1. Quickly run through the stretch 146-168 and pick out the residues that are without any contact (Cβ under 8 Å) to a residue 40 or more places away in the chain and over 30 Å from Asp223 (Cβ atoms).
2. Please determine whether any residue of the stretch 191-211 is within 21 Å of Leu150 (Cβ to Cβ), open to solvent by 50 Å² or more (accessible area, probe 1.4 Å) and part of a strand (DSSP E or B).
3. Looking only at the stretch 68-96, count how many residues are in contact with an Asp or Glu (Cβ under 6 Å, 6 or more places away or on another chain) and polar (S, T, N, Q).
4. If you scan the stretch 48-100, which residues turn out to be among the polar types (S, T, N, Q) and touching a residue at least 40 places away in the same chain (Cβ under 8 Å)?
5. Out of (1) at negative phi; (2) open to solvent by less than 50 Å² (accessible area, probe 1.4 Å), the odd one out for Gly179 is which?
6. Regarding the stretch 25-35, can at least one residue be identified that is closer than 22 Å to Phe176 by Cβ, assigned to a helix (DSSP H, G or I) and not polar (S, T, N, Q)?
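The values are calculated or read from the model by the stated rules, or taken from the named source; none is laboratory data. Note that the structure is predicted; figures quoted are calculated from it, not measured. Counting neighbours? That spans all protein chains shown, and the Cβs are built from the backbone with ideal geometry, glycine included. Note: accessible area is taken over every heavy atom of the protein model, side chains too, but ligands, DNA and RNA are not part of it. Shrake-Rupley method; radii C 1.70, N 1.55, O 1.52, S 1.80 Å.
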Amino acid sequence: MSHPADMYVLPEMWATGYSKHPEEVAEDEERSKALAWMRATAKERHCAISGSLVIKDKEGHYRNRHYFVTPDHVVFYDKHHLFTYANEHLHYTAGQQHLVVTYGGLRFLLLTCYDLRFPVWSRYGRAGEYDAIIYVANWPHARQYAWDTLLRARAIENMCYVIGVNRVGCEKHITFSGGSVVIDPLGHPLASCDDLEQMCTAVISPDKVLEARMSMPVLADRD
């Protein structure tokens, strides 16, 4: 984090890598070193940090928990769509509620990886209820085209910014090619990363969202 920013977004399961066996890697939420690092860093840098962790909650359930941490608050969204193809539903407990968090004058909808494939879940609430969607992911190279295409689709159909952050590297014969990107409300990329470990930065503004929605008010005709 050598470049100052108002918000940083980390991938899904950023502290452990992808795991179908949370009992091997999960931290108890109240004693999580990774979450403690997010909180300390947000305070030190006066910023927000978003990213998901594998945690064990107070009830003993394993969660893929997408945190949004600011210097003063910690909120979270639990991944709703579990990847049954990889048996995630046998090991994790799905979340049942959306979360929209306001920070820096923008409203962010938090979602995680496989949620990207479900446009109804992404089009949450009333028209225009959020300004940006944050997707954090461990999305494999074999389905990279879907990642690239669906991120742009979610931005265009909801007329909002989309911030998609995906991991890179190889793990257990699975290659992850990144493709992290910030997309504007009309579907144009503002910043992007390739398949190497790196950072990219973009400036986003609620005024740009309003301008896009007023110039073409398609959300008024939504189903």
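1. Result: Val168, single match.
2. The answer is yes; a qualifying residue exists.
3. 0
4. The answer is Ser50, Ser52, Asn64, Asn87.
5. Unmet condition: (1).
6. Scanning the stretch 25-35 turns up at least one residue that is closer than 22 Å to Phe176 by Cβ, assigned to a helix (DSSP H, G or I) and not polar (S, T, N, Q).
To keep it simple, each residue is scored yes or no on (1) surrounded by fewer than 14 Cβ atoms within 10 Å (Cβ to Cβ); (2) small (Gly, Ala, Ser); (3) assigned to a loop (DSSP other than H, G, I, E, B).
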{"position": "Ser52", "(1), (2), (3)": "no, yes, no"}
{"position": "Asp72", "(1), (2), (3)": "yes, no, yes"}
{"position": "Leu82", "(1), (2), (3)": "no, no, yes"}
{"position": "Gln96", "(1), (2), (3)": "yes, no, yes"}
{"position": "Leu116", "(1), (2), (3)": "no, no, no"}
